[in-house]
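A short write-up of the structure that comes next.
The values are calculated or read from the model by the stated rules, or taken from the named source; none is laboratory data. Just so it is clear, the structure is predicted and the values come from calculations on it, not from any experiment. So basically every Cβ, Gly included, is an ideal-geometry build from the backbone, and we count neighbours across all protein chains shown. Protein only, heavy atoms only, side chains kept; ligands, DNA and RNA dropped before computing areas. Shrake-Rupley method; radii C 1.70, N 1.55, O 1.52, S 1.80 Å.
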Amino acid sequence: MFFSTIIQRAINWVSRSKISVTGSIIVAILLPVLAISFTFDYFGFIENPYFGFLIYVFMAPLFVLGLILVFVGAVLMPGREDLGIYAFEYFKEQLSRPGRYTRVRRLIYFTIAITLFCGFLVGVVAYGTFRYTASNSFCGQFCHKVMEPEYTTYKNSPHSKVACVECHFGKDATWAERSKFTGIKQLFAVTTNSYSRPILAPIKALRPGRKTCEECHRPEKFQGLMLYSKDSFLPDKNNTKVQTIMIMKVGSGDIEGRTAHGIHWHVSEHQQVFYRAADWAREVITEVRVVESGKKDVVFERIPDSNQDPAPAAIGKLRKMDCVDCHNRPTHIFLQPDEALDRKIAADLIPRYLPYIKAQSLKAITGNYSSTKMARIQISRKLQDWYRTNYPELIQKNPGLLEKAIQGAIGAYEENVFPDMNVTWGTYKSFLGHANGSGCFRCHGKLREKKTRKIISSDCDLCHVILAKDQVGPDILKILKGDQR
Ligand code: HEC
Ligand code: HEC
Ligand code: HEC
Ligand code: HEC
Ligand code: HEC
């Protein structure tokens, strides 16, 4: 009795204006749709990660708009309008007259038809949105400025044909993982300009786990050894080419009777490596555990610093080591300036026969520039000035040579440095080696077994055998290539 009076009053209140009736229709339609969609999203029934886009960016604001309309209509324009068919009273009156039933029925059929048609349209649009938001162009280009560093490096990487979502969600990502990367937060961050520059790595949700990589790679199948060779150019007059040749002990996980060994021992099925870090970037590792098929549990602790600083406190849970703990840059590969230039010289995008070009372009691209545009101007100017002063005849005879070098140097800069996003040389580190004591040396040589005090080895031959280090025309290469009989 009491409730029906309240409802009656509410209906009367709302039905006093067209605006609030429109608002209440929107609210009435969206409420159940939103409730169901939200439940689906929460429990992860819908596979597409951008399902949330539709819910939170499209439907939810519309719902709120509906609510606002109800209030605006009811408060600002009560009873001032001719409500016509909108009014509740109208329906009541029509229904109470027997002859009017057909007209009302027709109205109902018409409404249903319109609703179905609109539903179909919304469905088509939503499907399109789903497809689009999961595409590379949405991920990499929609938020062009924000994703530029990742998109550019991705385009230049061996994985440029793998879709962003294949690594970033994989097939069986949980709701929690997906929702964090659903793009909603990111979209709001982009529209409100509040995203972090640079984007922090790792993104919390971004955990390309073993399954993701193992859709395409099977480290347990790897063979034991792999040849590593790298060409570099010295910063001398001739830009001398030197080569580093190593045998990488890639090893394998255990399969087909082989025991896990070498570098991919860490991702064997039979023992698991866990670790805990003291920082978000996972640079300072405080504890490592090796658990063997639930039997053995070997604990490694951080070797105390000699300067008696208190041991860094761990944050977060134990993390099971997987592919991205070493291959953290499988596709967003940001090179060091030295390497970036070496590649341009090796590909003849910077002419090697221009004296001192390695040294001079290195100087030019490591300057501190406020924008890419400034960088282009400055790199060009610096190189022009230096060669005009030191090699005027050479430049006069062959101006194309310097122009090519300038373009190459600018390319090396633009592919790795993004001033708009505060991404500069070395912002994103690779863990795949041991540059600056990071990467493998976060554990190797830094932790020891708790009981036996045996240090995790950093013996130079543990992971690779160096056959030549920055050598000019190393003999070993001639042997490997079969040039020396
Ligand atoms: C081969 C797998 C792979 C592909 C394909 C891929 N990513 Fe990533 N992405 C990663 C990994 C691994 C990380 C770093 C994870 C970590 O450090 O925990 C990452 C990090 C990121 C980050 C955080 C910033 C950073 O550089 O660490 C962004 C943003 C990102 N990716 C966007 C993209 C976009 C956009 C695409 C498609 C154009 C894409 N990714 C394609 C694997 C991938
Ligand atoms: C959809 C398939 C696919 C997925 C998923 C994938 N990769 Fe790859 N990956 C490839 C292909 C194809 C190549 C070879 C590209 C080439 O040689 O140009 C490759 C190459 C590589 C290489 C050798 C790179 C080089 O410099 O030659 C490494 C290392 C690698 N992937 C690691 C990973 C890791 C780690 C992950 C998970 C984060 C991953 N991949 C996910 C397909 C994939
Ligand atoms: C302990 C660090 C580490 C872990 C963990 C690791 N890798 Fe590697 N992986 C390496 C190193 C080091 C190499 C040697 C290649 C190099 O130096 O460029 C390599 C090589 C590779 C290659 C290239 C092999 C080739 O023949 O070109 C692929 C592909 C690869 N890893 C995939 C994976 C996948 C998939 C996982 C996870 C299941 C994984 N790795 C886990 C360190 C690791
Ligand atoms: C999270 C810590 C951690 C990181 C990071 C790490 N390792 Fe290890 N690694 C270990 C532990 C623990 C062992 C086992 C040591 C022992 O049993 O004495 C090990 C053993 C090894 C072995 C010997 C495996 C065998 O038994 O044949 C190789 C090779 C190796 N690591 C290579 C690497 C390379 C290469 C990297 C960097 C790309 C790397 N590791 C990064 C923890 C780590
Ligand atoms: C835990 C494994 C591990 C140990 C121990 C280790 N390295 Fe390495 N080393 C690597 C990996 C992985 C790479 C990177 C390969 C790559 O870039 O793909 C590397 C790369 C190198 C390179 C080539 C770098 C370049 O720029 O070309 C040199 C030189 C090198 N290591 C020397 C050493 C020396 C000297 C020691 C002994 C103090 C040592 N390494 C110990 C894993 C190891």
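Odds and ends about this structure:
- Here is the list for segment 236-335: trypsin sites (Lys or Arg not before Pro) lying in DSSP coil, each with at most 12 other C-beta atoms within 10 angstrom of its C-beta, are LYS237, LYS295.
- Residue-span extension gain [ASN390 to VAL465] - 0.36 nm each, minus C-alpha spacing: 22.8 nm
- Working note: Cα gyration tensor of segment 337-415, eigenvalues times five, square-rooted, sorted largest first, giving semi-axes of 19, 15, 10 Å.
- Whichever lysines have a C-alpha closer than 20 Å to that of LYS145, once near sequence neighbours (fewer than 8 apart) are set aside: LYS155, LYS185, LYS373
- Separation of the SER196 and PHE120 label points, Cα + 7 Å toward Cβ, nm: 4.8
- Once backbone amide H atoms are built at 1.01 Å from N, ALA277 has THR286, ILE315 as its partners under 5 Å, excluding neighbours fewer than 5 places away on the same chain.
- Shown are GLU287, GLU393, GLU166, whose ranking by accessible area with a 1.4 Å probe and every protein chain present, most to least, is GLU393, GLU166, GLU287.
- Close amide H pairs (under 5 Å, H built 1.01 Å from N) link ILE455 with GLU449, residues at least 5 positions away or on another chain.
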